[in-house]
1. Being of a type in the set (D, E, K, R) and at pLDDT 90 or above is the requirement here; does residue 27 meet it?
2. Any chance you could count how many residues in the stretch 30-42 are assigned to a helix (DSSP H, G or I), modelled with pLDDT under 90 and either open to solvent by less than 50 Å² (accessible area, probe 1.4 Å) or farther than 19 Å from residue 74 by Cα (or both)?
3. Is it true that residue 6 is in contact with a helix residue (DSSP H, G or I) (Cβ under 6 Å, 6 or more places away or on another chain) and either at pLDDT 95 or above or open to solvent by 30 Å² or more (accessible area, probe 1.4 Å) (or both)?
Amino acid sequence: MSFIRSVTQQLNKADFAQQLQHYFVQDDAIDELFVGATPCSTVCSLIAAMSELPTKSKNEHYKLTLEQVFDTLFQCFLLMFIKELEHKLLTQPEQLIMSLAMYYAQIINTDEQYTNSSLKIKSQRILTAMARLESERKQQRKKQYNMGKC
């Protein structure tokens, strides 16, 4: 029975990744993020693998909303944020997840519709965390530069 559940879960993750990819390609600004070596399908598969999937009706595809996509990106963002702080290295797909989370956080943060919602709080957390991460990155670069001057 656990084998069947495992296969079902993998199929759900594959379906979610495919629907996520369809959601992303609808936005030209996001499409521009994927001009590098990493395709959107790779990033979507990684997102699906790392996150808790939203619920869906049986035998139906995921019908993704901005709220579901952002919640999923928020989960992934937290993991990537911690990884970068601890290990200092993110792969290109992981960096793209951070960029996607930032993109949607900025949209939600400026949209009046989300003023008193949990999405607004999460978007503010992402924006604050990225500001701190950028500060940390600058300090690391400065240390590396100063070490190389000797």
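The values are calculated or read from the model by the stated rules, or taken from the named source; none is laboratory data. Quantities reported herein were computed from a predicted structural model and do not represent experimental measurements. Glycine gets a Cβ as well: all are built from the backbone with ideal geometry, and neighbour counts include every protein chain shown. For accessibility, only protein heavy atoms count, side chains too; no ligands or nucleic acids. Shrake-Rupley method; radii C 1.70, N 1.55, O 1.52, S 1.80 Å.
1. Working: of a type in the set (D, E, K, R): yes; at pLDDT 90 or above: yes.
It is true that residue 27 is of a type in the set (D, E, K, R) and at pLDDT 90 or above.
2. As a first pass, look at the stretch 30-42 and keep what is assigned to a helix (DSSP H, G or I): 30-35, 40-42.
Now drop any that are not modelled with pLDDT under 90, which leaves 31-35.
Those still in the list that are either open to solvent by less than 50 Å² (accessible area, probe 1.4 Å) or farther than 19 Å from residue 74 by Cα (or both) too: 31-32, 34-35.
Summing the residues that are assigned to a helix (DSSP H, G or I), modelled with pLDDT under 90 and either open to solvent by less than 50 Å² (accessible area, probe 1.4 Å) or farther than 19 Å from residue 74 by Cα (or both) in the stretch 30-42 gives 4.
3. On the way: in contact with a helix residue (DSSP H, G or I) (Cβ under 6 Å, 6 or more places away or on another chain): no; either at pLDDT 95 or above or open to solvent by 30 Å² or more (accessible area, probe 1.4 Å) (or both): yes.
Criteria not met by residue 6.
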